[in-house]
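Worksheet for the structure shown next.
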Amino acid sequence: MEPHVSHKDGVDVDLAPIASTNEEIGLTWQSEKYSRSRTQELVDLVLNNPILGVRIILFNDPKINGVSPWAGHDNHVHVSFLPSVAGKQITSSSDLDGDLRFLTPFMKGDRVKKLQEDLNKVGATLTVDSI
């Protein structure tokens, strides 16, 4: 989804603001049919979900709690979830200890380089760049 490159990581999603009617229509938070209360309910559901932690929610309605304004987010609620591995939330990455994880920002270092080299030994065709 242009220009949202973060969606390529599989942990971001865009949600439509909720209308005050039962119509499924495109709208912005300034639209006449926009429902602030229903959209707040949606944001609260996302924030309180028991499955995935939320990194940030971007949306420009200044009266919605739990969101941060960001240019270009008048017509959708952008949710960035924290990635998880084996059910554990990942809040940061480190190449110094623990498991190697596929994250953004990408891990770098000698352990990543060794993994790339080892994968190439068994048939992968990766560029060995330590990233």
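The values are calculated or read from the model by the stated rules, or taken from the named source; none is laboratory data. Everything quoted here is computed from the prediction, not taken from an experiment. Glycine gets a Cβ as well: all are built from the backbone with ideal geometry, and neighbour counts include every protein chain shown. Heavy atoms of the whole protein, side chains included, go into the accessibility calculation; ligands, DNA and RNA do not. Shrake-Rupley method; radii C 1.70, N 1.55, O 1.52, S 1.80 Å.
Before moving on, here are some points about what is shown:
- The residue that is farthest from Thr28 (Cα to Cα), counting only those in region 41-57 that are among the β-branched types (Val, Ile, Thr) and open to solvent by less than 30 Å² (accessible area, probe 1.4 Å), is Val46.
- Per the listing Leu42, Leu115, Leu119, Leu27, the residue uniquely part of a helix (DSSP H, G or I) and modelled with pLDDT of 90 or more is Leu42.
- Selection of region 8-24 for residues being in a loop (DSSP other than H, G, I, E, B) and either surrounded by fewer than 15 Cβ atoms within 10 Å (Cβ to Cβ) or of a type in the set (Asp, Glu) (or both) yields Gly10, Ala16, Thr21, Asn22, Glu23, Glu24.
- Asn60 meets all of the listed conditions (1) exposed (fewer than 11 other Cβ atoms within 10 Å of the Cβ); (2) modelled with pLDDT of 90 or more but one, namely (1).
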